[in-house]
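Inspection log for the structure reproduced underneath, given as C-alpha cells.
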Amino acid sequence: MNSRKIVTQFSKVPPSWMAPVFAMMLLLASGITAVNAQFTSGSDESDGALDFTGTEPGTTIKFDPAAYVDPAGNPRPLDTDGDNIYHFTSITIPEGLTVRLAADILGTTSVVWLATDVVVVDGVITLSGQRGPPHNEVRLPAIAGAGGYNGGVGGAGASHAFPGDGPGAGKIGRDTEDNDRGDGGGAGHATAGGSGPENLGGPAYGNNFLLPLLGGSGGAGGIVRGGANGGGGGAGGGAFLLASTVSISLNGEIVANGGNGGNGGSFNEGGSGSGGAIRLMSPVISGTGALSANGGTPGGRHGGAPGRIRVETTELTFTGSISPAAFFAAPGLVFLPEDTPALRITKVGGQDVSPNPTGSFVIPDVTIDAIGEITIEMAGSNIPVETVINLRIISESGSIVEVDSTPLGGTLEASTATATATLPHGFSRIFIEASWDTTPAE
C-alpha cells in the first residue's frame with residue numbers, strides 16, 4: 001500500500017484582473033450615502049442566535065459548527081452548507097470567555113458572521129496563528145487562525161525545512177557562513193515579511209478594502225544547521241468578517257495576530273507568521289475593547305508583516321485600541337460580486353475534496369492508496385475557457401513538481417479541467433493558479 005495524503009490547496013487570480021475590480025470598489029465607496037442608511041448584513045437567520053451565555057468564565061471554546069450547543073443544552077449544528085458564512089440573528093460572547101476560530105477545523109476560507117440583530121463581544125474572539133514549534137519539540141506545522149495559512153516545519157536530520165503556506169509565505173534559507181541565512185523568512189501581508197540578506201521574506205498581498213478577505217501567511221521553518229534542528233515557522237492570523245444590521249458592541253477583543261517563529265538550535269530560527277484580516281460592518285460600532293492583527297515577532301531575525309483591519313460604520317463611538325491602524329469607511333459591499341473569478345480542486349484520484357479544505361497534517365483532506373499517476377479535477381467560474389491551470393505539488397520531503405492542466409472547457413460561468421501527476425509517498429500540498437490576459441481585443 002502506498003499511502004499519499006493531500007492536505008491543502010491554494011488558488012489565486014491574476015493581479016491584472018484584480019486591479020480593475022478594486023478600482024470599482026473605490027468608486028462604489030465614494031457614493032454610498034443612500035445605501036448606508038439602509039445597510040443590512042445579509043443574514044437569512046438560518047443559524048439562529050449564537051449565544052455562549054452560561055459558559056463558565058475562563059473557558060476557551062474551539063469553535064466547531066458541527067458541535068455547537070445552545071444555552072439550553074440543545075445540539076444545533078451551524079453552517080450546514082459548509083461555506084464558512086454564518087447567518088445569525090444575534091451574537092453574544094460573554095466576558096471571561098474565549099472563542100477560538102482555527103484553520104484545522106474551519107479551513108483556509110475566511111469566516112463570515114452575519115447578524116440581523118445586536119452583536120455583543122465582551123469576551124475574546126481569537127483567530128491568531130500558533131507559534132512555530134522550537135527545535136526540540138515535535139516537528140508539526142503551526143496551525144493558522146481560520147482563513148489563514150499554516151507555518152512551515154523546521155528541518156530535522158535528513159528532513160528538509162518547509163516554506164510557509166499562503167500568498168505571502170516566508171521562504172527557506174540555506175546553510176552558509178552567514179548566520180542569518182539559516183533562519184526561515186517571515187511571512188508578508190500588508191507589507192513584505194522580514195527577510196534577512198537573502199530576501200527570504202514573503203511578498204505583500206491583498207488590499208485595504210479587504211475584498212477579497214485574505215488571512216495571514218505562514219513563516220518558513222529554519223533549516224538544519226550545524227547538526228541542530230530548525231525551529232518551525234509561525235502560522236498566519238485568520239480572516240474574519242463580522243457584520244450586524246443593528247450594532248456591534250466590542251468591550252472584549254478580536255485578535256488575528258501572526259504566530260511567532262520557533263527557536264532554532266543554532267542560527268536556524270523559524271520565520272514568523274503575518275497578521276490576518278478583521279473587518280467590522282454595522283451602522284453603530286461601540287465599545288472600549290481591542291482589535292489586533294499584528295505580525296508575529298521572530299524566533300530569530302525574521303518577523304511577520306502586519307495584517308489589515310477595516311471598520312465600516314456611520315456611527316463610531318469605539319474608543320478601544322486598534323493595531324495596526326484601521327481603515328475607516330461607511331458600510332459598503334459585504335461580498336465581492338457574484339461574477340468574481342473562482343478556482344478550486346474538486347477531486348483527487350476520484351475522491352471528492354471539500355469546498356473548504358483544512359490543510360491539516362493530522363487529518364488530511366484526501367488519502368490516496370494507489371500507485372502511479374492519478375487524476376486531479378478542477379472547477380472554475382468566470383475564468384476564460386481555454387485557460388490552463390498551473391499546479392504546484394510540494395511533498396513533505398521538500399521536492400516540488402509542477403504540471404499544467406488541460407485547458408478549461410465549458411462556459412465562462414462553469415468550466416472544468418484535469419491534470420495528471422504521480423504523487424510521492426506521504427503528505428503533499430497542491431497549489432493551483434490560473435493566469436490570463438485581460439487586454440481588450442482590438
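Restricted to region 122-133, and to residues there that are of a type outside the set (Ser, Thr, Tyr) and crowded, with 24+ Cβ neighbours inside 10 Å, the residue that is farthest from LEU241 (Cα to Cα) is PRO133. For region 419-442, filtering for residues that are touching a residue at least 40 places away in the same chain (Cβ under 8 Å) and over 20 Å from THR367 (Cβ atoms) leaves 6.
Condition check: at pLDDT below 95, out of contact with any Gly (no Cβ under 7 Å at 6 or more places or on another chain) and under 28 Å from PHE335 (Cα atoms). Does ASP104 satisfy that? Judged against the criteria, ASP104 is a match.
Residues in region 424-442 that are assigned to a loop (DSSP other than H, G, I, E, B) and modelled with pLDDT under 85: PRO424, HIS425, ASP437, THR438, THR439, PRO440, ALA441, GLU442.
Name every residue in region 291-303 that is outside any loop (DSSP other than H, G, I, E, B) and in contact (Cβ under 8 Å) with a residue 40 or more places away in the chain, in order of residue number. LEU291, the sole residue that qualifies. All conditions in (1) modelled with pLDDT of 95 or more; (2) touching a Pro at 6+ places or on another chain (Cβ under 7 Å) hold for GLY82, with the sole exception of (1). Could you grab me the full set of residues in region 50-65 that are surrounded by 17 or more Cβ atoms within 10 Å (Cβ to Cβ) and either touching a His at 6+ places or on another chain (Cβ under 8 Å) or part of a loop (DSSP other than H, G, I, E, B) (or both)? Within region 50-65, PHE52, THR55, PHE63 meet the criteria. Among the residues of region 212-230, those that are surrounded by fewer than 23 Cβ atoms within 10 Å (Cβ to Cβ) and part of a loop (DSSP other than H, G, I, E, B) comprise PRO212, GLY226, GLY227.
Would you check if there is a residue in region 168-177 being part of a loop (DSSP other than H, G, I, E, B), β-branched (Val, Ile, Thr), buried (at least 24 other Cβ atoms within 10 Å of the Cβ) and in contact with a helix residue (DSSP H, G or I) (Cβ under 9 Å, 6 or more places away or on another chain)?
The answer is no; no qualifying residue exists.
Does GLU338 fit the bill of being within 23 Å of the chain's Cα centre (by Cα) and over 23 Å from ALA256 (Cβ atoms)? Answer is yes for this residue. If you go through region 383-418 and keep only what is in contact (Cβ under 8 Å) with a residue 40 or more places away in the chain and at positive phi, you end up with just GLY398. Checked against the criteria, GLU312 does not count as of a type in the set (Asp, Glu), in the same structural domain as GLU45 (by TED's automatic domain parsing), surrounded by fewer than 24 Cβ atoms within 10 Å (Cβ to Cβ) and without any contact (Cβ under 8 Å) to a residue 40 or more places away in the chain. If you go through region 348-363 one residue at a time, do you hit one that is assigned by TED's automatic domain parsing to the domain that holds LEU408, at pLDDT 90 or above and surrounded by 16 or more Cβ atoms within 10 Å (Cβ to Cβ)? Scanning region 348-363, I find at least one residue that is assigned by TED's automatic domain parsing to the domain that holds LEU408, at pLDDT 90 or above and surrounded by 16 or more Cβ atoms within 10 Å (Cβ to Cβ), so the answer is yes.
In summary, strands (runs of 3 or more DSSP E) completely within region 66-147 and bearing 3 or more residues that are without any contact (Cβ under 8 Å) to a residue 60 or more places away in the chain and closer than 27 Å to GLY287 by Cβ occur at 85-88, 98-100.
All of GLY238, GLY194, GLY230 fail the test of being on the phi < 0 side of the Ramachandran plot, modelled with pLDDT of 95 or more and not basic (Lys, Arg), apart from GLY238.
Specify the residue that is farthest from GLY295 (Cα to Cα); the eligible residues are those in region 213-264 that are among the polar types (S, T, N, Q) and in contact with a Lys or Arg (Cβ under 8 Å, 6 or more places away or on another chain). Only one residue fits best here, namely ASN229.
Which one is farthest from ARG310 (Cα to Cα) among residues in region 321-350 that are in a strand (DSSP E or B) and among the polar types (S, T, N, Q)?
The extreme case among them is THR346.
The values are calculated or read from the model by the stated rules, or taken from the named source; none is laboratory data. Everything quoted here is computed from the prediction, not taken from an experiment. Note that each Cβ is placed from the backbone with ideal geometry, even for glycine, and that neighbours are counted across all protein chains shown.
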